[in-house]
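See below for the structure under consideration.
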Amino acid sequence: MNQLYHVVCRDCATESLRRSEEDAARVADDHAETADHEVAVARVH
C-alpha cells in the first residue's frame, strides 16, 4: 500500500505531500529549523 504524508506549517502557507514518512519528517524538521515555525506531519493515506 502506498503511504502519503501531509506536511503543513502552522505559521505560514508552506505545505506539501510526501510519499515517505522519512521524507516528510525531513521536510518538516528543515522548515521548522530554518523558519522557527511549528510544522505538523500526518499520514493521510
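Here, each number is a calculation from the coordinates, and none is a lab measurement. As the structure is a computational prediction, the values presented were derived from the model and not from experiment. Cβ coordinates were reconstructed from backbone atoms using ideal geometry, including for glycine residues, and neighbour counts include every protein chain displayed.
Counting only alpha carbon atoms, the long axis of helix 21-35 and the longest principal axis of the chain meet at about 10°.
For the pair E15 and T34, label points projected 7 Å from Cα toward Cβ lie 2.0 nm apart.
Distances between placed amide hydrogens fall under 5 Å for E38 paired with R10, D11, all partners being 5 or more residues away or on another chain.
Between A32, A13, A24, the Gaussian network model of the chain with springs among Cα atoms under 10 angstrom shows the greatest mean-square fluctuation at A13. By definition, a body whose alpha carbon gyration tensor gives a ≥ b ≥ c is prolate when a/c is 1.5 or more and a/b is larger than b/c, and the chain fits this prolate description.
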